[in-house]
Amino acid sequence: MENKKIKHSALHEKVGISPPEIISSNAVNQVQKFRKTQPSSQELIAGILLGNISALSRAITLVESTNANHLAKANEVINACLPHANKSVRIGITGVPGVGKSTFIEAFGKYLTGLGKKVAVLAVDPSSTISHGSILGDKTRMEELVKDENAYIRPSASGETLGGVARKTRETITLCEAAGFDTILIETVGVGQSETAVHSMVDFFLLLKIPGAGDELQGIKRGIMEMADAIVINKADGDNVKKANLAKVEFNRALHLFPAKKSGWTPTTSTCSAITHEGIPEVWGSIKKFIKLTKENNYFFEKRKEQNQYWMLETINEQLKTNFYNHPEIKKLLESTKKAVQNDEISPFAAAQLLLEKYFKK
């Protein structure tokens, strides 16, 4: 019998020489060993107080963890850092997606580090309601600031928290302050009610707008406008300069319709360009005036006391909710109760009351 020749496709690839291993197995083992090693609370605390970024990042990861075993350790670190915190200016920055928050924060952050400030950026990235994943691309968009030795950027997934504010952002602020960062910038997702949550953890609230969006009048939302301490019209460059100045006038008029703030501060409106950096120094000038005024009339310190109380109550609410849904008996009853509600066998309110009574009788 004649041996039939095996026909090969024109795209057939001949077996070549395997490329040499470019990754040292020894290096891989060392990295894996380092990652598995969990530093003690005291090691993390000491590292944070020395300004060690690695210790700060690991502590934030610990604080953000949903693992119940990490809670005690995280609380120990936070409590030890508290006496070294509260020495920064906390600035919330919000605006609709596309307004240029990341670009503005990079320009603003670089300006501040140029003044000798140490800047921490806490960027909250929206989580998908379907896959529950986040891109966490803020470091990529702030490519200049991320290389600045006086800046620290920490993107966090919003998770399931209302409006998209990271669950542990408040504790992260404390850790960053203890590590020596004197200016904290908190970027919101820019949708939902994240603005309300961020407003309750910052000293100064900055609202970014874009010119020519058609929202100078009808889009003035009372809630967000009343919270804003400053409105900055971004992208005021090129052909947008005229539109930005017009928007500034309109927003300035609108601000006069709102009641006076408890702080005694009159909100400002200005224009800037995160690309050309024009108007950036003026934004910082407004913030400095606000801090000076509110410290002199004691509003700054009273507001922080109120915020601490607010976050204590929020933490209680969150913990009660977590305990309720993790209770073994509630877990068993929840699915069957859901089906009963769907089939109109019981009202949603009666079902909720039934589950709560079961929980409190545990």
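The values are calculated or read from the model by the stated rules, or taken from the named source; none is laboratory data. Worth saying up front: this structure is predicted, and the values here are computed from it rather than measured. Positions of Cβ are backbone-derived with ideal geometry, glycine not excepted, and every protein chain shown enters the neighbour counts.
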In the range 249-270, which residues are of a type in the set (S, T, Y) and in contact (Cβ under 8 Å) with a residue 40 or more places away in the chain? S263, S270
Checked G212, G238 against criteria (at pLDDT 85 or above and closer than 20 Å to E278 by Cβ); the one match is G238
So which residues in the range 67-94 are exposed (fewer than 15 other Cβ atoms within 10 Å of the Cβ) and touching a residue at least 12 places away in the same chain (Cβ under 8 Å)? L82, N86, K87
For the range 80-117, give me each residue that is part of a strand (DSSP E or B) and touching a Lys or Arg at 6+ places or on another chain (Cβ under 7 Å). I93
Restricting attention to the range 225-267, which residues are of a type in the set (S, T, N, Q) and surrounded by fewer than 22 Cβ atoms within 10 Å (Cβ to Cβ)? N240, N245, N252, S263, T266
Unmet criterion (only one of (1) among the β-branched types (V, I, T); (2) under 32 Å from the mean Cα position of the chain (by Cα); (3) at pLDDT below 95) for V341: (2)
Among the numbered criteria (1) at pLDDT 80 or above; (2) in the same structural domain as I233 (by TED's automatic domain parsing); (3) on the phi < 0 side of the Ramachandran plot, which single criterion is violated by G98? (3)
